[in-house]
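Heads up, the thing below is written out as structure tokens.
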């Protein structure tokens, strides 16, 4: 028997709408096998008129299928057709157009559904509290000294933002379901039975958006570490020239031989292209700390390049990074920072310590940002053309 799947356009809490949708599909020869919030599975058969009704049973989710309820429905001419996603809503069907309605007392049905409404309200408050907590934790990341760098260079804020967006869409769905079920309960308690059939929406965009967000979030969480591992173990060493023209430590040091270097790639959602180039004097690196580190970024939004370059320079001045780029506290605030106007460069600044060995430069241009960290005998200000070439 061939299975057919369809996007579920109606919420499970829209009782009349879901019943009407299933009845229209039965007339096309599609009969429910599994009802899910986003995608439902049907079996194909002979088209025939079928009536569906949804019954709330609190015990169904806790103790399994209540046989006494199934027998009661069978006495009225209705057969059990399966559970809905929350397991406390059960689906019944009949092909007998003369079968008696299971509920002939609307106020009593309203009292039963009011139990479900209270449960849905509790879930709504829990979801709202979790979303608020997640938002507070995400905002807390802005308390870092350089939040822009944290957002652009890391996957963590992306996960948080995507989770909040998913939570907002899900909370919207829950609120809409609560309002819809609340209207139905009030109608039933006023003695008005639920209408059959009714017009139902052809699609529910919020469910589709929530599903895509969830799939995308799970995909990045699962595959990002795998891609990093693959890149680390199997990918060929990246060619720096594919991204930018690096400044040479040998040039800064006046042609001193025997330098070695390493190139590292990294990624993040807001800055997929991140390259770090490390060059060091192979002979004297232990005691003289002759080293040049270039950090190059191409953020997703070019307008982020200049503020990012400013943050990169400021983040380098405390000298609290790697072991080679560290100094006693007395040297932390002894910097001279000078800005330069260069052709094809939006912003450039060079910082140095008059009494220290540390130099740093940051540039932004053409949607790219670069940070240069250097300890050695050369002078970065004498190589402004080489600095500018890294963002041109």
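Before moving on, here are some points about what is shown:
- The lone criterion from (1) part of a loop (DSSP other than H, G, I, E, B); (2) at pLDDT 70 or above; (3) assigned by TED's automatic domain parsing to the domain that holds residue 52 left unmet by residue 202 is number (2).
- Some residue of the range 147-154 being assigned to a helix (DSSP H, G or I), more than 20 Å from residue 54 (Cβ to Cβ) and touching a strand residue (DSSP E or B) at 6+ places or on another chain (Cβ under 8 Å): yes
- Exclusive hit being within 32 Å of the chain's Cα centre (by Cα), without any contact (Cβ under 8 Å) to a residue 24 or more places away in the chain and either assigned to a helix (DSSP H, G or I) or farther than 30 Å from residue 108 by Cα (or both), set 161, 170: 161
- Those strands (runs of 3 or more DSSP E) of the range 17-122 in which 1 or more residues are touching a residue at least 40 places away in the same chain (Cβ under 8 Å), surrounded by 20 or more Cβ atoms within 10 Å (Cβ to Cβ) and touching a helix residue (DSSP H, G or I) at 6+ places or on another chain (Cβ under 8 Å) occupy 30-34, 51-56, 89-94.
- Residues satisfying the stated conditions in the range 131-158, i.e. more than 16 Å from the chain's Cα centre (by Cα) and more than 25 Å from residue 273 (Cα to Cα): 132, 133, 136, 140, 143
The values are calculated or read from the model by the stated rules, or taken from the named source; none is laboratory data. Quick caveat, the model's predicted, so the values are computed rather than measured. Note that each Cβ is placed from the backbone with ideal geometry, even for glycine, and that neighbours are counted across all protein chains shown.
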